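Down below is the structure, laid out as structure tokens.
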Amino acid sequence: MISRLVFQTFIWFGVMGALMFLSAGTLRWTAAWVYIVVMVGLSLTMGVTLARRDPGLMNERLRPPIQKTQTAADKILLSILLLGIFAWLVLMGLDTRLGWSAAPVWVQVIGALVLLVGIWICYLTMLENSFAAPVVKIQDERGQKVITTGPYGYVRHPMYAILYFAGTALLLGSWWGLAAVLAFILLLAIRTFIEEKTLRTGLQGYDDYAARVRYKLIPMVW
């Protein structure tokens, strides 16, 4: 499992790095290197911790993004989301290359902090929820149940990493990348409806939980 984690981490961030640096037309992009190094380090550190603490969850996290038992609607939306992420990285690379926008260093520092907060929330969520698979499905074989504690006491979908997207764009210094985050918010909002329908239909007790925790993504907002 650790070998798969290391392999997939380097492949994923290798592809992301290639898209950013090729579109930027240079390897001399300090913010992108900071992003890649930090993300690889955190992914491996948190992944190893989760693999030892909850191997069932880590096994789910390492499975492919398109799965047989996944809902058809989620297959389509997740495919769009992945393509959107790749296009977003290219956009920010082009932004850097062509000088369309440039955030000051202090904004990039704030972006790094926002990114770290977003990752920390996702990590707390995975520690709390052993069923936090990357795809929408009911894990009957693992005895899935409703999780109501930790971040789930505030919003029903804390893994939907809006802060990750916003923090990444700011860290990379791209105002155009930040503007594109609105598209990801829309896609994630649509995905909540897909996931809610699946959970309400297939997971006992989810209706009662949803009645108690009103907010889906953002506390006190929606």
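Within the same chain, lysines fewer than 8 places from K68 are excluded, and of the rest, those with a Cα less than 24 Å from its Cα are K137, K145, K197. Charge tally for E196 (other residues, Cβ to Cβ under 9 Å; Lys, Arg +1; Asp, Glu -1): +3.
Using the alpha-carbon positions of region 134-216, Rg (one decimal) and Dmax (whole number) come out as 15.1, 45 Å.
Excluding I147 itself, calculate the net charge of residues whose Cβ lies under 11 Å from the Cβ of I147, where each Lys or Arg counts +1 and each Asp or Glu counts -1.
+1
Probe radius 1.4 Å, ligands and nucleic acids ignored: give me the carbon and sulfur share of the accessible area of the chain as a rounded percent.
Values: 7920 of 11510 Å².
Carbon and sulfur together cover 69 percent of it.
How much of the calculated P(r) for region 25-105 lies past 19 Å, in percent of all Cα pairs? Kindly include the intermediate steps, with their values, before the conclusion.
Numbers: 1948 of 3240 pairs.
Cα-Cα pairs in region 25-105 separated by more than 19 Å: 60 percent.
Where is the GNM fluctuation largest for the chain (alpha-carbon springs, 10 angstrom cutoff): T49, T30, T168? Answer for the Gaussian network model of the chain: T30. In the chain, the longest principal axis of the Cα atoms and the axis of helix 105-128 are about 20 degrees apart. Here K75 is the anchor, and the aspartates and glutamates within straight C-alpha reach of less than 13 Å, apart from those fewer than 8 places off in the same chain, are E195. Label positions at V34 and V107, each projected 7 Å from the Cα along the C-beta direction, are separated by 1.4 nm.
For a distance above 11 Å, tell me the whole-number percent of Cα pairs in region 170-211 that qualify. Walk me through the intermediate numbers first.
Values: 600 of 861 pairs.
Of all Cα-Cα pairs in region 170-211, 70 percent lie more than 11 Å apart.
Across q = 0.24 Å⁻¹, region 83-134 modelled as identical point scatterers on its alpha-carbon atoms has Debye log10 I(q)/I(0) values of -0.97, in the order of the q list. Taken along its principal axes, the alpha carbon cloud of the chain reaches lengths of 52, 40, 30 Å, longest axis first.
The values are calculated or read from the model by the stated rules, or taken from the named source; none is laboratory data. The structure displayed is predicted, hence computed values, not measured ones. Note that each Cβ is placed from the backbone with ideal geometry, even for glycine, and that neighbours are counted across all protein chains shown. Please note that ligands, DNA and RNA were not included when accessible areas were found on the heavy atoms of the full protein model with its side chains. Shrake-Rupley method; radii C 1.70, N 1.55, O 1.52, S 1.80 Å.
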